[in-house]
Structures are given as C-alpha cells and as structure tokens.
1. Which one of these is surrounded by 20 or more Cβ atoms within 10 Å (Cβ to Cβ) and among the small types (Gly, Ala, Ser): B:Gly153, B:Gly166, B:Gly99?
2. From the set of residues in region A:160-187 that are assigned to a helix (DSSP H, G or I) and of a type outside the set (Ser, Thr, Tyr), which is farthest from the other protein chains (Cβ to nearest Cβ)?
3. Looking at A:Ala95 and the list (1) within 8 Å of another protein chain (Cβ to nearest Cβ); (2) surrounded by 17 or more Cβ atoms within 10 Å (Cβ to Cβ); (3) over 17 Å from A:Gly146 (Cβ atoms), which single condition is not satisfied?
4. Would a scan of region B:240-258 turn up a residue that is touching a Phe, Trp or Tyr at 6+ places or on another chain (Cβ under 9 Å), outside the structural domain of B:Lys124 (by TED's automatic domain parsing) and modelled with pLDDT of 95 or more?
5. Among the listed residues B:Gly52, B:Gly29, which satisfies the condition of being in contact with a Leu (Cβ under 8 Å, 6 or more places away or on another chain) and under 18 Å from B:Thr116 (Cβ atoms)?
6. So, B:Val239, is that one aliphatic (A, V, I, L, M), farther than 16 Å from B:His162 by Cα and free of Cβ contacts under 8 Å to residues at least 24 places away in the same chain or not?
7. Output the number of the condition that B:Gln77 fails; it satisfies all remaining conditions of (1) surrounded by 20 or more Cβ atoms within 10 Å (Cβ to Cβ); (2) in contact with a Lys or Arg (Cβ under 8 Å, 6 or more places away or on another chain); (3) within 11 Å of chain A (Cβ to nearest Cβ).
8. Any residue at all in region A:44-63 that's closer than 23 Å to B:Asp54 by Cβ, among the hydrophobic types (A, V, I, L, M, F, W, C), within 10 Å of chain B (Cβ to nearest Cβ) and surrounded by 13 or more Cβ atoms within 10 Å (Cβ to Cβ)?
Amino acid sequence: MPTRELCIAAFVVAALACATCAQAQSPYGIGRSATPAEIAGWNIDIDRDGNNLPAGSGSVSRGHEVFDQQCASCHGAKGEGGVGDRLVGGQGTLATPKPVRTVGSYWPYAPTLFDYIRRAMPQNAPQSLSNDDVYAVSAYILNLNGLLPADATLDARTLSAIKMPNRSMFVGDPRPDVKNPACMTGC
Amino acid sequence: MLRQPRLQEALRQDGSDLVGLVSCAEWTGVSLKLVLQEAGLQPGAKWIVAEGADAAAMTRSIPIEKCLDDAMLVYSQNGERLRPQQGYPLRLLLPGFEGNMSVKWLRRLRVAAEPTYSREETSKYTDLMPDGSAREFTFYMEAKSIITRPSGGQRLSAPGFHEISGIAWSGHGKVKRVDVSVDDGKSWQEAQLQEPVLTRALTRFRLPWHWNGQTAVIQSRAIDETGYVQPTLAELLAVRGDNHYYHNNAIWPWRIAADGEVTNANA
C-alpha cells in the first residue's frame with residue numbers, strides 16, 4: 001500500500017515532511033522528508049486487516065485481570081456498560097426497534113478493537129497499557145462476546161483472522177434517499 | 001454517550017442538540033491541496049487519515065477528493081487564533097462534512113489507499129437502518145433549516161406583526177430557497193434570503209407574519225442548489241427508521257400557544 005506521512009509539527013505548519021517524495025516535486029521547497037524511524041514513532045494506526053499490529057500476545061485470562069483493574073469501573077464487570085459504552089451482547093438486535101450496538105453485535109473489524117484500546121483507553125491514561133495487555137483485553141472482550149474461546153491467546157495473526165458477525169452489514173451512502181415533493185398549497 | 005438515543009426520543013427533548021449540530025465561522029488557514037502538492041501525492045493515494053493530539057488520538061479517514069477540493073488546515077477562527085477547545089494550534093476544516101471529521105489539535109496526516117476503519121468511523125458515525133444494515137462513510141450534511149425567531153423558550157408578546165426568521169444551510173453548496181409554513185404544513189410561502197448567500201454557510205431567511213393570536217405551528221424547509229428539499233420528520237423516518245442520530249435534517253416545527261408561548265412541536 002502506498003503510504004506517505006506528513007508530520008505536522010505543532011505550531012509550525014511549514015515544518016511538514018514526507019517520507020519518500022523528492023524535493024524537486026515541492027513547489028515551495030518547504031520541509032524535509034520524515035525518516036522511517038520518525039514515522040514509526042508516530043504511526044500506531046491499525047487497519048481493518050490488522051496491518052501494523054505489533055508483536056506480542058495476550059490471553060483471555062490475562063485480559064480478564066486487566067479488564068477488572070482498568071476497564072470494569074466504567075464498562076461494567078462483564079462489559080455490560082456503565083458510564084462507558086456497553087461492550088458485550090446485542091447480537092440479533094440490530095434490526096429490532098431497540099438495537100444494542102456493542103463490539104460483538106456491531107463492530108465490523110476485530111483489529112479496530114486493538115487500535116482503539118491502545119490509542120484511547122483507559123480514558124484516564126490512554127496509551128499506558130503494554131501491547132501484550134492490549135491483546136489480552138481485546139481477547140477478553142471478544143471472549144465475552146462469544147467470539148473467542150476462554151483458553152485462547154491473541155496475537156497479530158489470530159486477531160486479524162477473526163471475522164466479526166456484523167461485518168457484511170455495512171453499506172455505502174445512498175443519499176439523497178428521502179424525497180420531499182415541496183408541496184406549496186393544499187398539502 | 002452511554003447509548004445511542006433513538007431519533008424521535010431525542011427530538012422530543014427541549015434543548016436537544018438535534019435542532020442543529022451546526023456551526024459557521026470565518027476560518028483562516030492553508031488549503032490542504034497546497035500542502036499535499038508540496039508533499040507530492042503518489043498514484044493510489046485515495047484517503048487521508050487525520051489524527052488529533054487529543055487524549056484519545058482520534059482518527060478519521062477523509063476521501064482524497066475532499067482533500068484536494070475545499071479542505072483546509074486552519075489556525076484562526078473569526079479573526080483570532082484558534083482557541084484551545086477549537087483545536088489550537090491547527091485543525092482540519094472540511095466544509096459540509098460532519099463536524100467530527102474536522103479533526104482538532106491535528107498532529108498527523110497519513111496518505112493511504114484505504115480508510116483506517118477507526119472506531120469512530122465504524123461504530124459511532126455510522127447510521128443504523130431498520131433492516132439492520134448500517135451506512136458507513138456518510139460524510140455530507142444535507143440541507144436543513146430552523147426558525148430561530150420565534151423559537152422554543154420565547155413568547156410572543158401580543159397578536160400582530162412578528163417577523164419569522166431563521167437560518168438554513170447545506171453541506172452540498174448554496175441554499176437556493178427557503179419555504180415557511182405558518183399553518184402546520186398545509187401551505188408554504190417562499191421566504192426572503194439575506195445576501196450574500198455563501199456556499200456551505202449559514203443563510204438567514206425572513207418572512208413577515210401577522211399572528212392572529214390563535215395556536216399555530218410554524219416551520220421552515222430549505223432547498224439547496226442541487227434541488228434537494230429538506231424532508232419532514234415523517235418522510236425521514238419512513239426511509240431511515242428511528243435508530244440513527246447524526247444525520248437528522250428533518251424539518252423542525254415550533255408550536256405557538258394562544259398565550260404566545262413557543263415550544264417544541266415534536267415534544
């Protein structure tokens with residue numbers, strides 16, 4: 001995948017750089033190329049296929065421990081929700097009048113779980129969990145949703161291989177889809 | 001947000017943010033297209049993944065067509081440097097797109113062949129339909145309008161002349177026309193638009209009205225330069241159901257009581 005980085009330094013728009021472009025392409029000659037090491041230091045994006053997932057692994061049982069310590073106070077002891085989102089259950093409810101949107105019922109891609117937990121959770125200390133613990137918590141949440149056995153261990157390969165049950169239900173934007181005839185009189 | 005509210009439930013609440021979810025300001029910055037030309041885009045560049053420096057390092061994916069059109073990297077708002085809560089020192093601005101994509105505290109742009117499918121763009125900013133399918137990458141905000149005077153919380157002092165006034169906007173361009181009804185949608189009249197009418201910007205409309213002192217329901221509907229007409233809530237619910245939230249652009253009615261009190265007619 002052709003991927004290019006623009007590292008925009010805070011305060012200085014001009015201090016942008018890209019990894020591979022030739023300076024000759026640059027009409028204003030501003031900035032410099034970011035080094036691969038600089039990009040690696042910034043880029044924690046995981047795509048839907050699991051590309052860029054780090055080394056490491058975590059078990060469901062370890063995830064249970066981490067979840068109890070780091071997550072349960074907001075998301076509930078079993079992921080049933082609290083001040084934080086409900087994470088578990090809801091499969092089969094999306095086409096009903098009271099849909100329950102959770103990781104298990106709604107999320108289309110399992111690697112997104114790793115991406116989001118690592119970058120944003122726990123809310124009071126994002127990016128404080130080790131990669132192993134992020135794998136472990138991801139494993140536990142998937143286990144609570146019936147998507148991973150209790151004795152499983154998750155790593156880059158096994159996380160990327162999980163097919164989420166709602167994956168095929170996402171569609172593109174069909175709008176404009178609602179028509180108002182703009183009646184003026186006798187409506 | 002603990003759970004996704006249902007649309008009708010939210011609309012019944014007074015003070016609901018569903019009246020608008022909109023803002024309009026004067027922005028100063030650099031065209032993102034210029035920055036990308038400076039960097040040099042490779043063939044196959046289809047999306048740009050923007051990441052904020054907020055605690056959650058929020059990421060959203062933006063189609064390259066928007067990035068090469070009117071997207072901006074902005075550092076000033078209404079003539080002053082961005083305020084901290086508005087994304088200082090630098091944020092994206094994507095006119096007409098849902099506001100969450102105008103990533104604040106911007107620290108990184110990654111050019112890619114595919115979206116990143118982040119948590120926001122898969123589990124939050126998707127629209128669940130009655131059949132259980134969910135629309136993804138629903139970026140544009142369609143035409144909408146609201147009457148701001150008279151509006152909820154206000155009271156008409158006495159029967160007689162009252163100017164009806166409000167704002168209209170469209171993520172797809174300029175507002176072409178705004179119609180106003182003062183008889184619960186039975187008939188509509190074209191309002192006057194205040195110049196200049198700018199693309200993807202709030203447009204003021206006005207209609208002189210003589211209130212006879214009886215109960216009334218007043219409402220407005222916007223029509224944009226693509227010919228799109230703002231729908232009624234019933235029309236919108238009939239197609240999209242009740243389990244979505246962010247792209248509600250339904251007509252908003254206000255009820256005026258005989259004593260002049262103005263309240264939410266959806267309540």
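The values are calculated or read from the model by the stated rules, or taken from the named source; none is laboratory data. Source: prediction; values computed, not measured. Cβ: placed from backbone, ideal geometry, glycine included. Neighbour counts: every protein chain shown.
1. Criteria check complete, one pass: B:Gly166.
2. A:Ala161
3. (2)
4. yes
5. Step by step, each of B:Gly52, B:Gly29 is checked, and only B:Gly52 is in contact with a Leu (Cβ under 8 Å, 6 or more places away or on another chain) and under 18 Å from B:Thr116 (Cβ atoms).
6. In short, yes.
7. Only one criterion in (1) surrounded by 20 or more Cβ atoms within 10 Å (Cβ to Cβ); (2) in contact with a Lys or Arg (Cβ under 8 Å, 6 or more places away or on another chain); (3) within 11 Å of chain A (Cβ to nearest Cβ) is unmet by B:Gln77, namely (3).
8. There is at least one residue in region A:44-63 that is closer than 23 Å to B:Asp54 by Cβ, among the hydrophobic types (A, V, I, L, M, F, W, C), within 10 Å of chain B (Cβ to nearest Cβ) and surrounded by 13 or more Cβ atoms within 10 Å (Cβ to Cβ).
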